[in-house]
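Comments concern the structure below.
The values are calculated or read from the model by the stated rules, or taken from the named source; none is laboratory data. Quick caveat, the model's predicted, so the values are computed rather than measured. Cβ sites come from the backbone with ideal geometry, for glycine too, and all protein chains shown count toward neighbours. Keep in mind that these areas ignore ligands, DNA and RNA; they rest on the heavy atoms of the full protein, side chains included. Shrake-Rupley method; radii C 1.70, N 1.55, O 1.52, S 1.80 Å.
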Amino acid sequence: SGTFVGGNFTHTIGGDWLVTGGTFTNTGTTIEFNGAGPQSISSTVNFNDLTINKLSGSITGLSDIVVDGILNFTQGNIITGSHKVILGSSGTVVRSSGHVAGNLQKFIATGPTAQSFEVGDTTLYTPLDVLFGDVTTGGNLCVSATKGEHPHIATSSIDSLKSVNRYWTVINTGTV
């Protein structure tokens, strides 16, 4: 147990992230995951800036991953399983390569609003863009992409032979 104060530095992590019995102070800190092969994050902490820069393997979220600043995908994916990557209200995503394979939650501000969700599955990047004409109450949207046909494709008017074989799940929490 103890306290890790990252300061205005970039700290590179080649292994797994686990905080037990201590605290992490993220003010001004960038954490960069760059290990070869799989890595995991198994403690819910708020990262200031988080960079995924992996030549191989991915990051597995064994808990929710909260980013208050910049989530930077240089290369590599975050796999969330039942958990999610949560961007704070001022959080942003910068992407060269890589995405969230699972659940990505972003804040939706009031007024006319557009938001991109950098999601896909473990192999393909299949983002979703949403556009609101007017949001009267800000809230959160959580988005995930699923490979394959939607379970109700047969009862829809969409020709399954001419579809993208993907569907997106959007969960609204408080956005009006």
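Right, S82: hydroxyl-bearing (S, T, Y), part of a strand (DSSP E or B) and closer than 24 Å to R166 by Cα or not?
yes
Could you grab me the full set of residues in the stretch 51-68 that are in contact with a Phe, Trp or Tyr (Cβ under 8 Å, 6 or more places away or on another chain), within 24 Å of A109 (Cα to Cα) and either charged (D, E, K, R) or without any contact (Cβ under 8 Å) to a residue 24 or more places away in the chain (or both)?
Across the stretch 51-68, the qualifying residues are V66, D68.
Do you know which residues across the stretch 134-143 are exposed (fewer than 14 other Cβ atoms within 10 Å of the Cβ) and closer than 23 Å to L104 by Cβ? Can you show your working first?
Start the filter on the stretch 134-143 by keeping residues that are exposed (fewer than 14 other Cβ atoms within 10 Å of the Cβ), which leaves 134, 136-137.
The answer is T137, and nothing else.
Being among the β-branched types (V, I, T), modelled with pLDDT of 95 or more and closer than 25 Å to V67 by Cα, is that true of even one residue in the stretch 146-168?
There is no residue in the stretch 146-168 that is among the β-branched types (V, I, T), modelled with pLDDT of 95 or more and closer than 25 Å to V67 by Cα.
Each row is one residue, and each column tells you yes or no for (1) at positive phi; (2) basic (K, R); (3) free of Cβ contacts under 8 Å to residues at least 40 places away in the same chain.
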{"site": "S96", "(1), (2), (3)": "no, no, yes"}
{"site": "N103", "(1), (2), (3)": "no, no, no"}
{"site": "I108", "(1), (2), (3)": "no, no, no"}
{"site": "D129", "(1), (2), (3)": "no, no, yes"}
{"site": "A154", "(1), (2), (3)": "no, no, yes"}
{"site": "S157", "(1), (2), (3)": "no, no, yes"}
{"site": "K162", "(1), (2), (3)": "no, yes, yes"}
{"site": "R166", "(1), (2), (3)": "no, yes, no"}
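Yes or no, residue by residue, for (1) under 21 Å from the mean Cα position of the chain (by Cα); (2) in a strand (DSSP E or B):
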residue	(1), (2)
T137	no, no
C142	yes, yes
E149	no, no
S157	no, no
W168	yes, yes
I171	yes, yes
T175	yes, no
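Take the residues in the stretch 1-35 that are open to solvent by 90 Å² or more (accessible area, probe 1.4 Å) and under 22 Å from the mean Cα position of the chain (by Cα); name whichever of them is farthest from Q75 (Cα to Cα). So that I can check it myself, show each step before the final result.
Narrowing the stretch 1-35 to residues open to solvent by 90 Å² or more (accessible area, probe 1.4 Å): 1, 3, 5, 8-9, 16, 18, 20, 27.
So of that shortlist, the ones also under 22 Å from the mean Cα position of the chain (by Cα) come out as 16, 18, 27.
Working: D16: 17, L18: 22, T27: 24 Å.
So the residue we want is T27.
Considering only residues of the stretch 144-176 that are touching a strand residue (DSSP E or B) at 6+ places or on another chain (Cβ under 8 Å) and either of a type in the set (A, V, I, L, M) or open to solvent by 80 Å² or more (accessible area, probe 1.4 Å) (or both), which is nearest to I79 (Cα to Cα)? Please lay out each step first, then the result.
Our first condition is that a residue be touching a strand residue (DSSP E or B) at 6+ places or on another chain (Cβ under 8 Å); within the stretch 144-176, this holds for 144-150, 165-176.
Remaining after also requiring either of a type in the set (A, V, I, L, M) or open to solvent by 80 Å² or more (accessible area, probe 1.4 Å) (or both): 145, 147, 168, 170-173, 176.
Working: A145: 12, K147: 14, W168: 16, V170: 17, I171: 18, N172: 21, T173: 22, V176: 29 Å.
In this case the residue turns out to be A145.
What's the number of the only condition in (1) surrounded by fewer than 11 Cβ atoms within 10 Å (Cβ to Cβ); (2) at pLDDT below 95 that S96 fails to meet?
(2)
Any residue at all in the stretch 54-77 that is open to solvent by 30 Å² or more (accessible area, probe 1.4 Å), in a loop (DSSP other than H, G, I, E, B) and of a type in the set (G, A, S)?
yes
Is there any pair linking a residue in the stretch 3-23 that is among the hydroxyl-bearing types (S, T, Y) to one that is open to solvent by 90 Å² or more (accessible area, probe 1.4 Å), with Cβ under 7 Å and at least six apart or on different chains, and which?
T23/T3
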